[in-house]
Amino acid sequence: MGIDPRFFRVSKALSPSDIAKQFDVEEGSLPTDSVTSLSSFDGASKGDICFFEGPLKSWPEHASAATICLTPDTSEWRSVADSNVVQVDNPRAAFFDLASGWVFEETHQSQPPRIHPEASVAPSAVVENGANIGKGAKIDAFAYIGPGVQIGENAKIGSHASIRFSLVGNGVKLLAGARLGEDGFGLIPGDGKMNDLPHYGRVILHDGVTLGANCTVDRGLLGDTVIGAHTKIDNQCHIGHNTIVGQNVIMVAYAGISGSVKIDDNVRLGGRVGVADHVHIGEGAQLGAGAGLLRDVPAGETWGGFPARPLKDWQRELIWVSKQTRRRKASK
Amino acid sequence: MGIDPRFFRVSKALSPSDIAKQFDVEEGSLPTDSVTSLSSFDGASKGDICFFEGPLKSWPEHASAATICLTPDTSEWRSVADSNVVQVDNPRAAFFDLASGWVFEETHQSQPPRIHPEASVAPSAVVENGANIGKGAKIDAFAYIGPGVQIGENAKIGSHASIRFSLVGNGVKLLAGARLGEDGFGLIPGDGKMNDLPHYGRVILHDGVTLGANCTVDRGLLGDTVIGAHTKIDNQCHIGHNTIVGQNVIMVAYAGISGSVKIDDNVRLGGRVGVADHVHIGEGAQLGAGAGLLRDVPAGETWGGFPARPLKDWQRELIWVSKQTRRRKASK
Amino acid sequence: MGIDPRFFRVSKALSPSDIAKQFDVEEGSLPTDSVTSLSSFDGASKGDICFFEGPLKSWPEHASAATICLTPDTSEWRSVADSNVVQVDNPRAAFFDLASGWVFEETHQSQPPRIHPEASVAPSAVVENGANIGKGAKIDAFAYIGPGVQIGENAKIGSHASIRFSLVGNGVKLLAGARLGEDGFGLIPGDGKMNDLPHYGRVILHDGVTLGANCTVDRGLLGDTVIGAHTKIDNQCHIGHNTIVGQNVIMVAYAGISGSVKIDDNVRLGGRVGVADHVHIGEGAQLGAGAGLLRDVPAGETWGGFPARPLKDWQRELIWVSKQTRRRKASK
């Protein structure tokens, strides 16, 4: 999926000639279609530009449907005949370098927000152009609803909450100070320093989600950060970019989920659980308070500890160490 | 204690006939008094409705003083002759089902806030009707003071702080972005999903409390969340619903206290200490940074580790494991 | 360095006679210079008053350059002939007692903010007097820029962020709800209770720093809290007062740094790393997610665990304990 026009716009469609100039390649070797959007490799479709960083052997059989896909400029890649493949030195850097001068935030300058007559917006709240506030929704003092944001029916947005680049379902509750749709934490080295990656994705909260006070849910880098229906999240939790959380998940305070994590339905996370990037937590799994998870958890299992392991293993270790040291103390 | 009329109101007093209809019981078996408020079982007094979930044997000798107490609909409960006992399938669900259509937030529509002439309120702050700002208090930019909230003398409320359903003592300081009185994290299953429990309690901060930037203190479900005088709380801490914190307690950054915890006077909690639901920490006890507390700590003791145990036990275990593995390494 | 006149002012210069009265000492024994500012012991220069709490043997050879230095009132200190040394019962208490009635926040009443014509300030933002917003800077909705605050060119200040007592470099980004320059967590006992220490320092963010959503960076007690150029900090991190962070440091979500910590360039801190007061982390060192650091880390090393130790030691311990308990289970 390319960029959502409610949140982003490209300055112009890129013709084969534009692409040829940008990446210093022969125009004749390129597809004749224009490029009108950008996307992740997996989510790409016609009209998109994307990038791929792996070796040729991990290039999927049905390779990207993108109009242009930037790949590494190695000899193996130069042998690829697909006209959508363009080799560049550093695909990620080249991709975001193009994007930063081509994709802009859509501010909907001429399109005032649509607020349902039965919605209630506090006088001190700000609702930007292009936003849409559903029937029965309630927006509290000092809440900020960014350009193009969609708020469902009967949603309740607490004071000082901020929502950008997001689609918010019916009956969703955000408590005070929750932050939806800020930039994710993605860095790219360049010029001898770390630089922030611009984020072109969204946050999607399905119906009935509750997000506690001062929580943060970052938008996707490319593609979405998603929280499934009726998932309940306590105060001061954090959900990283491109993480996908299922339905009826429960997260207790300070649960911190890194980027590109996948959490299936009915998972329970205790307080202060931490989850590393790209981990998968199977349906109905439970993580005890304070667990620090570095690898996948099969469905239905209960894990704990730091690093997290099956709860019984951790408990056995705790008890054994405790016994050993008590024995030594007694025999002194 | 029933609901505080500064924050909540009932749509009408419930007559015995209303109660009979609501719970499908015989009016003749009910007390003749009206029900005008709701409360927890322990805090109930005349005029209140409450609920009790335990077995009959845990029903206290001097059972609830409430006008109506909902109990499970089991045979043992049906033998109870007290006219204030009403059996229902699921007391908790029945209680909150009644409450959600009967108890509403009091907005004090016709009663403008009272701001002491020697108080200072930033032009961008919002103070709702029915609120009361004491002499010498200072309310900073974008602070939100909800309906009926009481702010003591010389209190300092930082920018972007939000205060709802709360009584704030003299000389209290809230740093920027602190959240007082949001909904607690309480869930009730129903219709195949998790639903938020409405919260009818308050937050009470006694004199001289300091609450750091971006902290969160949730209001009670029924009854109060309380922080004792001169307790000092660092940034990004969290206090759950119905937790009672004593005087002169110190909590370093990220300390996270779950619900219904009791912390006695002069307790010291290091950074990132986590405390599970319903735990009791005795007077003057200390918890080292990062401790994860799952059970009660006697007064005066020092505990650490995850899960937390007496500090000396934890240290002995750490040293023993370290020695064992160094020895093995050396003998290879 | 004394107080920054952009943020603080003294009610008047203190003559030797004022000093003599304040501390009940002989005027004749004092330097003839006036005291016009206050500072830490290490940062003091002519015109400042400071305090020193250690024994005489730790008094440096080139003792404080301050005009007045408060020291303990012990016999060894009474033997010191330096005219800048004034003995008092409790130097820290005496120092802050003087300060609280003498040093005040500078509000720049008559000096409107200077906003560069090419800067963009949201209509709902508040920029206080004496503040300075650089060319190309962008201040989002409900941001609060305190009196005298300096915002560099092309800086981006997110919605609901608050900045006080701070100097913010070029190209700095603060995401929504970040808190810069709030009071640090410093306490002083007195009158049988804990009292907050007033903070007279600043926060300095060098060019290219990014600070995530709902982060908190406290200002120094005396002197500054500093974050070096191009350091990147994820959501919900916390940096305590007087901590000095180098360049190109990376901190993942919930990293929590106590006060007076020193972190050198190119350090990497995983998610939820905690660092105790006064610790030093050498250049390029790395701390794994969840590490709880209580002592110094040499440059270039990788540590993990709680308490943190060299990563290999921790991993060896984890593996050994796991093996021991699996063996026991198998042999049952």
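The values are calculated or read from the model by the stated rules, or taken from the named source; none is laboratory data. Quantities reported herein were computed from a predicted structural model and do not represent experimental measurements. Positions of Cβ are backbone-derived with ideal geometry, glycine not excepted, and every protein chain shown enters the neighbour counts. Surface areas here come from the heavy atoms of the whole protein model, side chains and all, with no ligands, DNA or RNA. Shrake-Rupley method; radii C 1.70, N 1.55, O 1.52, S 1.80 Å.
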Within region A:143-163, the count of residues that are within 12 Å of another protein chain (Cβ to nearest Cβ), open to solvent by 10 Å² or more (accessible area, probe 1.4 Å) and assigned to a strand (DSSP E or B) comes to 2
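With respect to C:Asp140, determine if the residue is within 14 Å of the chain's Cα centre (by Cα), at the interface with another protein chain (Cβ under 9 Å from one of its Cβ atoms) and either open to solvent by 30 Å² or more (accessible area, probe 1.4 Å) or at negative phi (or both). Let's see the steps before the verdict.
On the way: within 14 Å of the chain's Cα centre (by Cα): no; at the interface with another protein chain (Cβ under 9 Å from one of its Cβ atoms): yes; either open to solvent by 30 Å² or more (accessible area, probe 1.4 Å) or at negative phi (or both): yes.
Judged against the criteria, C:Asp140 is not a match.
Every residue, every condition in (1) within 27 Å of A:Pro189 (Cβ to Cβ); (2) hydroxyl-bearing (Ser, Thr, Tyr); (3) buried (at least 22 other Cβ atoms within 10 Å of the Cβ), yes or no:
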{"position": "A:Met1", "(1), (2), (3)": "no, no, no"}
{"position": "A:Ala13", "(1), (2), (3)": "no, no, no"}
{"position": "A:Ser45", "(1), (2), (3)": "no, yes, no"}
{"position": "A:Trp59", "(1), (2), (3)": "yes, no, no"}
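So which residues in region B:178-200 are of a type outside the set (A, V, I, L, M, F, W, C) and touching a Ser or Thr at 6+ places or on another chain (Cβ under 7 Å), if there are any at all? Break it down stepwise before answering.
Going residue by residue through region B:178-200, those that are of a type outside the set (A, V, I, L, M, F, W, C) are B:179, B:181-184, B:186, B:189-193, B:195-196, B:198-200.
Passing the criteria: B:Arg179, B:Gly181, B:Glu182, B:Asp196, B:Pro198.
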Which of the residues spanning region C:185-238 are hydrophobic (A, V, I, L, M, F, W, C), closer than 24 Å to A:Ala213 by Cα and either touching a Leu at 6+ places or on another chain (Cβ under 8 Å) or within 14 Å of chain A (Cβ to nearest Cβ) (or both)?
C:Leu211, C:Ala213, C:Cys215, C:Val217, C:Ile233, C:Cys237
From the option list B:Leu98, B:Leu70, single residue qualifying as part of a strand (DSSP E or B), away from chain A (no Cβ under 14 Å), at pLDDT 95 or above and surrounded by 17 or more Cβ atoms within 10 Å (Cβ to Cβ) is B:Leu70
Considering each residue of region B:307-329, count those that are within 9 Å of another protein chain (Cβ to nearest Cβ) and exposed (fewer than 15 other Cβ atoms within 10 Å of the Cβ), and give that number.
4
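Mind checking whether some residue in region C:104-124 is among the aromatic types (Phe, Trp, Tyr), surrounded by fewer than 24 Cβ atoms within 10 Å (Cβ to Cβ) and in a strand (DSSP E or B)? Write out each step before concluding.
Step one: of region C:104-124, the residues among the aromatic types (Phe, Trp, Tyr) are C:104.
Filter once more, keeping what is surrounded by fewer than 24 Cβ atoms within 10 Å (Cβ to Cβ): C:104.
Narrowing further to those that are in a strand (DSSP E or B): C:104.
Checked against the condition, which is being among the aromatic types (Phe, Trp, Tyr), surrounded by fewer than 24 Cβ atoms within 10 Å (Cβ to Cβ) and in a strand (DSSP E or B), region C:104-124 yields at least one hit.
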Here is a check on your reading of the model: is C:Ala93 touching a strand residue (DSSP E or B) at 6+ places or on another chain (Cβ under 7 Å) and either closer than 24 Å to C:Asn195 by Cα or part of a loop (DSSP other than H, G, I, E, B) (or both)?
yes
Neighbours by Cβ (under 7 Å, 6+ apart or cross-chain): first from region B:174-189, free of Cβ contacts under 8 Å to residues at least 24 places away in the same chain; second not in a strand (DSSP E or B):
B:Leu187/B:Leu197
Considering only residues that are assigned to a loop (DSSP other than H, G, I, E, B) and either among the basic types (Lys, Arg) or open to solvent by 20 Å² or more (accessible area, probe 1.4 Å) (or both), look in region B:164-174 and name the one that is farthest from the other protein chains (Cβ to nearest Cβ).
B:Asn170
On the given criteria, is A:Gly134 on the phi > 0 side of the Ramachandran plot and surrounded by fewer than 24 Cβ atoms within 10 Å (Cβ to Cβ)?
no
Filter region A:266-303 down to residues that are out of contact with any Leu (no Cβ under 9 Å at 6 or more places or on another chain) and within 23 Å of B:Gly184 (Cα to Cα) and give me whichever is surrounded by the fewest Cβ atoms within 10 Å (Cβ to Cβ).
A:Asn266
Can you work out which of the residues in region A:234-248 that are part of a loop (DSSP other than H, G, I, E, B) and surrounded by fewer than 24 Cβ atoms within 10 Å (Cβ to Cβ) is nearest to the chain's Cα centre (by Cα)?
A:Gly246
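Confirm whether A:Ser79 is hydroxyl-bearing (Ser, Thr, Tyr) and without any contact (Cβ under 8 Å) to a residue 24 or more places away in the chain.
On the way: hydroxyl-bearing (Ser, Thr, Tyr): yes; without any contact (Cβ under 8 Å) to a residue 24 or more places away in the chain: yes.
Yes: the conditions hold for A:Ser79.
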Just give me the residues in region A:219-231 being open to solvent by 10 Å² or more (accessible area, probe 1.4 Å) and either at positive phi or not in a loop (DSSP other than H, G, I, E, B) (or both), in sequence order.
A:Gly223, A:Asp224, A:Val226, A:His230
